[in-house]
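One structure is given here, and the rest of the page talks about it.
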Amino acid sequence: QQQVKQSPQSLIVQKGGISIINCAYENTAFDYFPWYQQFPGKGPALLIAIRPDVSEKKEGRFTISFNKSAKQFSLHIMDSQPGDSATYFCAARGGSGAGSYQLTFGKGTKLSVIP
Amino acid sequence: GAGVSQSPSNKVTEKGKDVELRCDPISGHTALYWYRQSLGQGLEFLIYFQGNSAPDKSGLPSDRFSAERTGGSVSTLTIQRTQQEDSAVYLCASRGGENTGELFFGEGSRLTVL
């Protein structure tokens, strides 16, 4: 059972455009929602994270929008640059027992920003 | 070292052989995770170590997989009698305190089973 559904699988955006990646979850016990960025041959690295007590978090060109009632969250990359080309993973964590420390990842979105 | 270190970076083996993958976490990090990354499948949780507590092995896909963490630091993931479906990138991550959510990943060990 996939607990975090991520879309789209791949995304091509023109330089300067807005990239939007969406994730949906079922488990209402999740209380921490990070996004990880992975370049080829590298491990994922934390990009930005949000907790459900806020609806939006912005760090530079990256914004997470969070809709608790819809159980959805999304990553927006403003003014997308070729250097943003990478695979992006949403994730969720929370609950008791194993859920309190396990990150459940989406399947990833490969973003290509073309000049 | 400054980051999570994994070795080997690449391993090619024949079906049926055993392999060992090593992870050296960030110094002082008490939590250590192993994930498996297959093409198009995201990151699959395998096992979690926290201090001296019993590890959470709930993600290990079969009894051919095992892991240990010696002295609360270095961890080894062992795959016995490898199968072609074991081919993947095996990622190790470590985390600092309980109140921080950030996982720091290594660059992974790419395993190819012929």
Accessible-area composition of the range A:28-93, carbon plus sulfur, in percent [1.4 Å probe]:
50
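Could you tell me what fraction of 2.2 N^0.38 Å the Cα radius of gyration of the protein assembly as shown comes to, as a two-decimal ratio?
Here the answer is 1.02, to two decimals.
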Signed unit charges on C-beta, dipole axis of the protein assembly as shown, positive-most listed residue B:L91, B:Y33, A:N67
A:N67
Hey, can you list the residues from the range A:75-106 whose accessible area shrinks by 10 Å² or more with all protein chains present, relative to the chain by itself (probe 1.4 Å, no ligands or nucleic acids)?
A:F89, A:R93, A:Y101, A:Q102, A:L103, A:F105
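To the nearest 20 Debye, how big is the dipole of the range A:61-115 about its Cα centre, given +1 on the beta carbon of each Lys and Arg and -1 on that of each Asp and Glu?
Working: 6 positive and 2 negative charges, 47 e Å.
Taking the Cα centre of the range A:61-115 as origin, the dipole is about 220 debye.
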What are the equivalent ellipsoid semi-axes of the range B:23-100, built from the alpha-carbon gyration tensor (square roots of five times its eigenvalues), in whole angstrom, biggest first?
22, 14, 11
Enter the buried accessible area of the A/B pair, total of both sides, probe 1.4 Å, in Å² rounded to the nearest 100.
1600
Set of aspartates and glutamates with alpha-carbon distance to A:K71 below 19 Å, sequence-local pairs under 8 removed
A:E26, A:D31, A:D53, A:E56
Tell me the GluC sites (Glu not before Pro) within the range B:1-95 that lie in a loop according to DSSP and have at most 16 other beta-carbon atoms within 10 Å.
B:E14
Contact-by-burial set, the range A:27-69, min loss 40 Å², accessible area of protein heavy atoms with 1.4 Å probe, reference chain alone, gives A:Y36, A:P44, A:L46
Give me the accessible area per residue for the protein assembly as shown, probe 1.4 Å, as a whole number in Å².
48
GNM on chain B, Cα springs under 10 Å; top mean-square fluctuation among B:G16, B:G40, B:G96 goes to B:G40
For the range B:5-113 the mean separation of alpha carbon contacts under 8 Å (6+ apart) over residue count, i.e. relative contact order in percent, is 37
Over the range A:8-74, with a single point scatterer placed on each C-alpha, what log10 of the ratio I(q)/I(0) does the Debye formula yield at q = 0.21, 0.22, 0.25 1/Å?
-1.02, -1.09, -1.27
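How much of the accessible area of the range B:11-114, in percent, comes from carbon and sulfur atoms when a 1.4 Å probe is used?
Carbon and sulfur together cover 43 percent of it.
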Farthest positive-ward along the protein assembly as shown dipole, Cα basis, beta-carbon charges - from A:I21, B:S66, A:I50:
A:I21
Mind putting a number on the dipole of chain B about its Cα centre? Charges go on the C-beta only, +1 for Lys and Arg and -1 for Asp and Glu, and I need it in Debye to the nearest 20.
200
What residue among A:K42, A:K57, A:K71 shows peak mean-square fluctuation when chain A is described by a Gaussian network model with Cα springs under 10 Å?
A:K42
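The values are calculated or read from the model by the stated rules, or taken from the named source; none is laboratory data. Owing to the predicted nature of the structure, the values given are computational and were not obtained by experimental measurement. Cβ coordinates were reconstructed from backbone atoms using ideal geometry, including for glycine residues, and neighbour counts include every protein chain displayed. The area values use the complete protein model at the heavy-atom level, side chains included, leaving out ligands, DNA and RNA. Shrake-Rupley method; radii C 1.70, N 1.55, O 1.52, S 1.80 Å.
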